[in-house]
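To keep things clear, I will list the structure first and then write my remarks on it.
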Amino acid sequence: MQAAALIHVVDDDMSFRLAVARLLRAAGYEVALYESGHHFLQRSSRTAAGCIVLDLNMSGLDGLELQRQLNEVGSLLPIIFLTGRGDIPASVTAIKSGAEDFLTKPVAKEALLAAIERALARYRERQGRREALHSLRARVSTLTPREREVFSLVVHGKLNKQIAFALGTSERTVKAHRHAAMEKLGVSSVAAAASIAERLGMLADGERRDDG
Amino acid sequence: MPGARRHPEALCRLPPRGEAALILAIGVLFLHVLLSCAAAAEPKRILLLHSFGREFAPFSDFSGRFREELVGQSREPVDLYEASVEMARFATSQDEEPLLGYLGALFAGRQLDLIVAVGGPAAGFVQRNRQRLSPSTPVLIAATEQRVIDTAPAIALGATLPVTVDANALIGNILRVLPETTTIAVINGSSPLEKYWASEMQRVLEPYEGGVHFTWLVDLPFDEMLERAAALPPHSAILYLQYWMDKSGVPHEQDRALDELHARATAPIFSYLDAYLGRGIVGGPLLSMQVYSRRAAQAAIRVLAGESLIDIRPTPTGLGLPIFDWRELQRWSISEARLPPGSIVAFREPGAWVRYRWPIVAVSVALLVQGAVIAWLIFERHRRQRAELESRKRLLQAAHLNRSAAAGALSASVAHELNQPLGAILSNAEAAEMLLDADPPDLAQVKEILSDIRQADQRAGEIIQHMRELLKRRGEIDAKLFDLNDTIADAMRILSPEAKKRGVVLDAEESRTPLPVRADHIHLEQVILNLAANGMDAMAGVEPQERKMTIKTAVNGKAEVEVSIADRGSGIPKDKLEAVFDSFYTTKQQGTGLGLSIARTIVEAYGGRIWAENRAGGGAVFRFTMPLTKVQPA
C-alpha cells in the first residue's frame, strides 16, 4: 500500500465526516476534513498524492461547483462523489466532468476503499503523464529556434526539399538541423517525433498555421 | 222601536182620571201620544198567588221569570200583583179570611184579568175560595206537579200548566255519573207539601231499593239533617228535593238549606231544578224554569187575549237537557265522559284564559317569541356545532392530505437526510471493526465511535419519527402547550435538506425568549412547511446566489408571536395578496392550490391571522400570528 496518500473529505455533516475519517485512517490513509467547498479551496494542500471524497449536496458551494472550479485550476486530485441522493442528472454531470466515482451514502467500506484505491491509481497515472509531458517540454525547449522550425515542419510531413524551400535554405542545412533536433528529442523516426509533437499540442498549431 | 213603545206604556199606567188634565197641561204637542194611550184598554191585571211566599224555589224562580216573559211577550200593558198563601206552609188549616179580605179589598173596583196560582197550596186556596176570588177571572195553575194536579179537585174556570219530575231519571242520572253509588240520601223539608213529596218519592223510588240504599233525610230538624248529610258513608249521593221548612216549622227561604248542605255534605248533591245549578248541585236533567216560565207566560197571554181555557192544554214541562256544574264535576272527580250525550257543562272555571286573556296573550306571545328565539338559537348552535365538527373533520382531512403531499415532496430530501446518520453509522461501525482488528486495539476510539453511532442512530430515529408524525392521520386536534421555537427547529430540520437540494440558503433566527403557544404542533409545523415550500417554489427562477429564505419570530405588544417567512422570489402581484390564500389558487403546474389555504385555515383555527406582503428588495414575506399562552413563571 502506498504510504501516506492524503484523502480530502468534504462534507457538511460533521458526524458523517468524522465517521469516514475514522474509517480511512484505520485503513491507513492520511485524512484532511473540510466542512464546505469554500473551506476546502481555502485550506487544502493539493500537492500531496491523494483524492477528494466530496459530498454532492452542500449548502453554499456544492460538490459539482467545487469540481468545476478544481478542473479550471487543473487539479489532479480525482474526485469521488458521495451523496445521500441517487440523483441521475447530478451523477451524469459529475462523471462527465471527470469524477472518479459516484457513491451513495451509506457506503460500504469495500466500495469506498476500492474507489479510493482506483482514484489514487488515477492520481498516480495523471501524475506520471504530467511528469512525462514536463520532460518532453523540457527537451523541446532545448531546440534552437531553427531546429524547432525544422522539427515543426518535419512532424507535419514536409520533405527536406520543401522545408529548405520554405526556410530559404539548402537541403543540406535542413538535414543537419533535423538530425540535431531528433538527437535532442531522443527520437529516431519521424513517427516518434510526430507523437511528441502531438502530445505537446504542436500539431494542431502547425496545421492551423498551414491553413492560415 | 222599543224605546218609543215604552214611553206610552209608562203614561198608560196613569189613572184614567188624570188623562184629561194631562192633555190640558201638556197641550197639543203630545196629542198623538195621548190619543194612542187613550186608545189602549186598561192594563191587564194579574194576580200571582204564591204558595209559600216569593222566596221559595222553584216558585221564586218562576215568578221572576214569568213576570219577565209576560212583560216581554205581552202587547198590552200588564199590572202584576203578588200575594202569598203563607199559611199553606203549616199543616193545620188556618184562617184564610184575612187573605181573602185583603185580596177582596185590593181588587175592589178593579178588573182582575187573570189569577195564576203558583204551586199546589195556592191552587188549593183558589179552589177552596173560588167563589170569593173574582169568580169570572180565569185561573192558571202553575208550577204544580202533574200528580198534585191529578189529586186535587178541579177548579172552575181554571187550566193547569203542569210540570213533571221523573224521579227515575233523577236516580238514573246519579247512577250514571257516579256508578259506584251505593247510598242515596234524599233531603226534603217538613211542610205538608214537602211531606207529600217525600212519600210520593219513596213510593216511586222503591224499584231501586235493590241496587241502591236510600236514606230518607226527611222530616228532621235542620241541624240533624245537616249532621247526617255530613256523615254519609262512602259512595253516597244526596238527592235534594226541597227544604222549605224544617221539622220545627222554621222556614228556609232562598234555598239557604241547600247552601248549608253544600257546605257540610260529604257527598255530591243532585236535584231536579235548574235554579239549584250553581248553588252546589252536580247537575243532570233539570227542570228549566226559564222554559217553563215562558210557556206559562205564553198561556197567560192567550188567556188574557180571551182564548178559551179549554183550548189551553199545554203538555207538561218535564226535565230538560242535562246540565252540569263544572266545579262540582271537578270536586267529585266526575269525568265529563260519563255525562250523558248532549250534556251542557256550565260554570266552567272562567279559567285563567277568560280572566287574564290579555296578559296571557301577551305573556304567551312573549314566551312563544322567546321560545322560538331560544329554539332557533339552540338549533343554530347545534347546526354550528355540527358544521364546526364537520369543518374540523374536513380541515383535519385536508390538512392531512396536504401534509402527506408536503411530506411526499420533502421525502426525497428527507431520505437524503436519513442517509447522513445511516452513512455515519455504517462507516463508524466499519472503522470500529478495523480498530478492533488492530493490535493493540484503540479501545478509546472505539468507545468514542460507539457513542457517535448511538447519536447518529438517535438522529435517524428522530427523522423517521418526525416523518411519521407528519404522515399520521390526526383524528382530533391535539392541542398542547409548547414552545414555537421547537416547532421552527423541527421545520428547519425537515426543510434544510430540501433547501440544500434547491440551493436555497435557509436561515432561521431563533427567538431568545420561549414562545409558549397552545395548538397542535404538527399543524403549526405544517403552516411553516407550506409557507416555506411556497417561498422556495417562488425562488426556483432566480439566480442561485439570490435564493435566500429567512424565518423570523417577533413578539408583538398584543401578547402574540408573529412568525415571518421571507423569500427572495418573484413576489406576489399586488391584487393577489389576498387571493393567494384562497383554495385552489395556484400558479404552479403541480400545485394543488391548497397549501396556503390550509395554512390560513389552521392559523385562524388557533385564533391567529395570516397575510402576505411584498418585500422592498423583491420577494415576498408571509406572516402569521399566534396568541401566546401565559405561562406561570416557574
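Return the calculated 222 nm mean residue ellipticity for the protein assembly as shown, to the nearest 500 deg cm²/dmol, obtained by summing -39500 (n - 2.57) across DSSP H runs with n ≥ 4 and dividing by the residue count. Walk me through the numbers before you get to the answer.
Numbers: 29 runs with 421 residues, N = 846.
Taking each H run of at least 4 residues, the total per residue is -16000 deg cm²/dmol.
Along Cα→Cβ, 7 Å out, is where each label goes; now give me the distance between the ones at residue A:180 and residue A:141 in nm to one decimal.
Computed distance between label sites residue A:180 and residue A:141 equals 2.0 nm.
Could you work out how far the C-alpha centroid of region A:8-41 sits from that of region B:548-566, in angstrom?
Rounded to whole Å, the Cα centres lie 37 Å apart.
Report, in whole Å, the centroid distance computed from the Cα atoms of region B:102-175 and region A:144-179.
Here the two parts' Cα centres lie 186 Å apart.
Expected output is a single nm value to one decimal: the length gained when fully extending between residue B:136 and residue B:559, i.e. 0.36 nm times separation in residues minus the C-alpha distance. What is it? Display every interim value, and only then the final one.
Numbers: separation 423, 0.36 × 423 = 152.28 nm, distance 11.68 nm.
Extra length available between residue B:136 and residue B:559 comes to 140.6 nm.
For each pair in B:195/B:247; A:105/B:548; A:96/B:500, compute the distance between the two Cα atoms and list the pairs where it is over 19 Å. Could the numbers behind the result be given before it?
Working: B:195/B:247 10 Å; A:105/B:548 27 Å; A:96/B:500 23 Å.
From B:195/B:247; A:105/B:548; A:96/B:500, over 19 Å: A:105/B:548; A:96/B:500.
Report, in debye and to the nearest 20, how large the dipole of chain B comes out about its Cα centre when Lys and Arg carry +1 and Asp and Glu carry -1 on their Cβ.
Values: 69 positive and 75 negative charges, 358 e Å.
Using only the charged Cβ atoms, the result is roughly 1720 debye.
Give me a single rounded figure for A:24-30: the average over its residues of other chain Cβ atoms within 10 Å of their Cβ. Mind dumping the intermediate values first?
On the way: counts 2, 4, 12, 3, 1, 0, 0.
Mean partner-chain Cβ count within 10 Å for A:24-30: 3.
Which shape class, rounded, prolate or oblate, goes with region A:56-137 when its Cα gyration tensor gives a ≥ b ≥ c as root eigenvalues, a/c under 1.5 marks rounded, and past that a/b bigger than b/c marks prolate? Could you put the intermediate results ahead of the total?
On the way: a/c = 2.82, a/b = 1.53, b/c = 1.84.
It is oblate, given that a/c is not under 1.5 and a/b is not larger than b/c.
Among B:238, B:183, B:561, which residue has its Cα positioned farthest towards the positive end of the charge dipole of the protein assembly as shown, with +1 placed on the Cβ of Lys and Arg, -1 on the Cβ of Asp and Glu, and the dipole taken about the Cα centre?
The listed residue farthest towards the positive side: B:561.
On a straight-distance basis, which lysines could pair with residue B:576 in a cross-link, Cα separation under 18 angstrom, same-chain partners fewer than 8 positions away excluded?
Those lysines meeting the cut-off are B:588.
Points 7 angstrom from Cα along the Cβ direction at residue B:230 and residue A:92: gap in nanometres?
Distance between the two pseudo-spin positions: 12.2 nm.
How long is chain B along each principal axis, judged by its Cα atoms, biggest number first, in Å?
The Cα atoms of chain B stretch 167, 76, 45 Å along the principal axes, largest first.
Against the 2.2 N^0.38 Å scaling, with N counting residues, where does region B:130-204 land? I'd like the Cα-based Rg ratio to two decimal places.
Working: Rg = 16.9 Å, N = 75, 2.2 N^0.38 = 11.3 Å.
Its radius of gyration relative to the 2.2 N^0.38 Å reference: 1.49.
What FRET efficiency, computed as 1/(1 + (r/R0)^6) with R0 = 25 Å and r the Cβ-Cβ distance, is obtained for residue B:291 and residue B:206, rounded to the nearest 0.05? Can you show the working numbers first?
Values: r = 30 Å, r/R0 = 1.19.
After rounding to 0.05, the efficiency reads 0.25.
Placing +1 at every Lys and Arg Cβ and -1 at every Asp and Glu Cβ, with all other atoms neutral, what dipole size does region B:385-475 have around its Cα centre, in debye to the nearest 20? Before the final figure, lay out the partial values.
On the way: 12 positive and 13 negative charges, 270 e Å.
In debye, rounded to 20, region B:385-475 gives about 1300.
Give me the dipole magnitude in Debye, nearest 20, for region B:477-634 about the Cα centre, with unit charges on the beta carbon: positive for Lys and Arg, negative for Asp and Glu. Intermediate values should be presented prior to the final figure.
Values: 20 positive and 21 negative charges, 38 e Å.
Roughly 180 debye, rounded to the nearest 20.
So who's got an amide H within less than 5 Å of the one on residue B:345, skipping anything under 5 residues away but keeping other chains? H placed 1.01 Å off N, in plane.
Those qualifying (amide H under 5 Å, at least 5 residues apart or on another chain) are B:324.
What is the mean number of Cβ atoms from other protein chains located within 10 Å of the Cβ atom of each residue in peptide B:501-512, rounded to a whole number? Can you show the working numbers first?
Values: counts 7, 0, 5, 1, 2, 1, 0, 0, 0, 0, 0, 0.
Taking the mean over all residues of the peptide, I get 1.
Compute the Cα gyration tensor for region B:356-503, then decide on rounded, prolate or oblate, letting a ≥ b ≥ c be the square roots of its eigenvalues: rounded whenever a/c is under 1.5, prolate when a/b is larger than b/c in the other cases, and oblate in all that remain.
Numbers: a/c = 5.99, a/b = 3.88, b/c = 1.54.
Taking the square roots of the gyration eigenvalues as a ≥ b ≥ c, region B:356-503 is prolate.
Using all Cα-Cα distances in the protein assembly as shown, what percent lands in each 20 angstrom bin from 0 up to the longest?
P(r) for the protein assembly as shown, in whole percents per bin: 11, 21, 13, 8, 9, 13, 10, 8, 5, 2, 0.
Highest mean first, how do B:400-413, B:423-436 rank when packing is the count of other Cβ atoms within 10 Å averaged over residues?
Details: B:400-413: 18.1, B:423-436: 22.6.
Order by mean packing, descending: B:423-436, B:400-413.
Averaging sequence separations of C-alpha pairs under 8 Å and six or more residues apart, then dividing by the length of region A:62-212, give the relative contact order as a whole percent. Spell out each step's value before the answer.
On the way: 127 pairs, mean separation 27.3, N = 151.
Reported relative contact order: 18 percent.
Angle between the Cα long axis of helix B:484-501 and the longest principal axis of chain B, 0 to 90 degrees, nearest 10?
Between the helix axis and the principal axis of chain B, the angle is about 50 degrees.
Tell me, what ³J(HN,Hα) does each residue in region B:172-180 have, in order and in whole Hz, if you take phi through Karplus 6.51 cos²θ - 1.76 cosθ + 1.60 with θ = phi - 60° and put x for Gly and Pro?
My calculation for region B:172-180 gives x, 4, 4, 6, 6, 7, 10, x, 7 Hz in order.
Given an 8 Å cut-off on Cα distances and at least 6 residues of separation, report the relative contact order of chain B as a percent. Could the numbers behind the result be given before it?
Details: 973 pairs, mean separation 52.6, N = 634.
In percent, rounded to a whole number, it is 8.
Hey, can you grab everything whose amide H is under 5 Å from the amide H of residue B:506? Only 5+ residues off in sequence or another chain; H modelled, so Pro and N-termini drop out.
For residue B:506, the qualifying residues are B:549.
Distance from the Cα centre of region B:438-496 to that of region B:277-350, in angstrom?
Here the two parts' Cα centres lie 102 Å apart.
Top mean-square fluctuation among A:186, A:98, A:28, Gaussian network model of chain A, C-alpha springs under 10 Å?
Highest fluctuation of the listed residues: A:186.
Looking at region B:349-413, which chymotrypsin sites (Phe, Trp or Tyr not before Pro) are DSSP coil and have at most 11 other C-beta atoms within 10 Å of their C-beta? Please report the intermediate quantities before stating the final value.
Values: sites: B:353, B:356, B:376, B:379; in loops: B:356.
When the chymotrypsin sites (Phe, Trp or Tyr not before Pro) of region B:349-413 are filtered for loop state and at most 11 Cβ neighbours within 10 Å, nothing remains.
Dipole of the protein assembly as shown (Lys/Arg Cβ +1, Asp/Glu Cβ -1, origin at the Cα centre): which of B:513, B:135, B:160 lies farthest to the positive side?
With unit charges placed on the Cβ atoms, the residue in question is B:513.
Helix B:97-106: angle to the longest alpha-carbon principal axis of chain B, degrees 0 to 90, nearest 10?
Compared with the principal axis, the helix lies near 80 degrees.
Looking at region B:291-383, which trypsin sites (Lys or Arg not before Pro) are DSSP coil and have at most 13 other C-beta atoms within 10 Å of their C-beta? Could the numbers behind the result be given before it?
Details: sites: B:294, B:295, B:302, B:327, B:331, B:338, B:348, B:355, B:357, B:381, B:383; in loops: B:348.
Here the sparse-neighbourhood loop sites are B:348.
Among A:24, A:90, A:70, whose Cα lies farthest out toward the positive end of the dipole of region A:6-126, if unit charges sit on the beta carbon of Lys, Arg (+1) and Asp, Glu (-1)?
Farthest along the dipole direction, towards plus: A:24.
Check residue B:515: other-chain or 5+ apart residues with amide H under 5 Å from its amide H, H built from backbone geometry?
When sequence neighbours closer than 5 places are left aside, the close amide H contacts are B:484, B:485.
Average partner chain C-beta neighbours within 10 Å, per residue of A:103-109? All intermediate terms of the calculation are to be shown ahead of the outcome.
Numbers: counts 1, 3, 10, 12, 5, 3, 7.
What the average comes to for A:103-109 is 6.
So what J values fall out for region B:437-444 if you push phi through Karplus, 6.51 cos²θ - 1.76 cosθ + 1.60 with θ = phi - 60°, rounded to Hz, Gly and Pro as x?
For region B:437-444, the Karplus-derived couplings read 6, 6, 10, x, x, 7, 5, 4 Hz, x marking Gly and Pro.
Viscosity 1.002 mPa s, temperature 20 °C: give me the Stokes-Einstein translational D for region A:142-211 in µm²/s, with Rh taken as the Kirkwood radius over C-alpha pairs. Intermediate results must be reported in sequence, preceding the final value.
Values: Rh = 11.9 Å.
Estimated diffusion coefficient is 180 µm²/s.
Output the peptides B:612-625, B:269-282, B:145-158 sorted from most to least packed, where packing is the average of other Cβ atoms within 10 Å over each peptide's residues. Let's see the in-between values first.
Values: B:612-625: 17.4, B:269-282: 23.0, B:145-158: 15.0.
The peptides rank, most packed first, as B:269-282, B:612-625, B:145-158.
Given q = 0.25, 0.30 Å⁻¹, what are the Debye log10 I(q)/I(0) values for region B:217-256, with equal point scatterers placed on the Cα positions and solvent ignored?
Relative scattering, expressed as log10 I(q)/I(0), comes to -0.90, -1.15.
Quick one: grab the alpha carbon gyration tensor of region A:6-126, order the square roots of its eigenvalues as a ≥ b ≥ c, and give me rounded if a/c is under 1.5, else prolate or oblate depending on whether a/b is larger than b/c. Before the final figure, lay out the partial values.
Working: a/c = 1.16, a/b = 1.06, b/c = 1.10.
It comes out rounded by the Cα gyration axes.
All of the numbers you see were taken from the coordinates with simple rules; none came from a lab. As the structure is a computational prediction, the values presented were derived from the model and not from experiment. We place every Cβ from the backbone using ideal geometry, glycine too, and count neighbours over all the protein chains shown.
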